[in-house]
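No value in this document is a laboratory result; all are computed from the given coordinates. Every value quoted in this text rests on a predicted model; they were computed, and no experiment measured them. Heads up, the Cβs are rebuilt from the backbone with ideal geometry, glycines too, and the neighbour counts pull from every protein chain shown.
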Amino acid sequence: MADPYSVLGVKKTASEAEIKKAFRTLAKKFHPDTNRNDPSAEKKFKEASGAYELLSDKAKRGAFDRGEIDANGQPRGFHPGQGGGGFGPQGPPFEYGMGGGNPGGFRQGAGGGMDDIFSELFSGFGRKGGAGAKQKPQPTDVKYSLAVSLEDAVAGATQRVTLSSGKTLDVKIPVGMEDGQQIRLRGQGQNGGDAIVIVSIASHKIFQRDGRTLRVDLPVSLKEAIEGAKINVPTPTGAVALTIPPGTNGGKTLRLKGRGLPAAAGQAAGDLLVIVRLMLPEQVPDGLKTAAQGASYDPRKGWN
């Protein structure tokens, strides 16, 4: 192998940080997984890996600078007992060989934290199993919006949802579903994640929603308000007869217990609030005008 300082493009006085930075740059540039169609890149990558393994280890670097080992980490003909940093009877005090099993022939042990460098550079390359082994994609939840009618939220229904993958699923809307509630479809997201369906209840032409409580305006004639009456009032589950007491003023609120959104998920059923709205005829008859003129009362008494 060529001179490791030349391979990394650093001076012999380079600091550990400078050596590491130089190797990071070369590793990112020549890694085989990012240069699959360039055989020369693998060779340059192995050279950079070998140079970094040697120079990132203080003992090896010192031995190389003193001429005790060559660029491949092999002893330069020293014998046991020789002075000047010679090796003992058991051979060199650390491993010089460029071991196999990892890209570029380097070992993890004395190589100066190569795994840390590669985990920083290549988040998509799994070190377990060697370079090129890709990490398993992380499960990701995907959110979808689904608008349902008030009637479907009250009675329950089945709605078809098209996922981003193009797959269609029938989603069951539970009885009493509230606006903003979520339905989780296990394993229907990305990479085994979940699909989360966020349900919104569409506006209704008659009913207004307030949580599980519903409101409805009830038009009442002057005669019905004065004399009282029984009027069929619409509810989400069918009409209900409501008694209008005699002398009922416009704006009065009458409550139909439990006639709002039905009970669900540990919550009690909501109520239906009926607001009385007095309605005069489009053309007021003379008799009504005369009666109104004879009615002496102040409708705004105590108002302010």
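Values as computed for the structure displayed
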| item | result |
| --- | --- |
| All Cα pairs of the stretch 208-294, percent lying beyond 18 Å | 50 percent |
| Per-pair calculated FRET efficiency, R0 = 45 Å: residue 17 and residue 202 via Cβ, rounded to 0.05 | 0.15 |
| Highest-first arrangement of 180-190, 145-155, where packing means the average Cβ count within 10 Å | 145-155, 180-190 |
| Extension gain from residue 164 to residue 280, taking 0.36 nm per residue of separation minus the Cα-Cα distance | 36.4 nm |
| Long-range HN-HN contacts of residue 70 with modeled amide H, under 5 Å | 76 |
| Fewest-first ranking of 297, 52, 144, using other Cβ atoms within 10 Å as the exposure measure | 297, 144, 52 |
| For the stretch 142-201, convex hull of alpha carbons as volume per residue, Å³ | 63 Å³ |
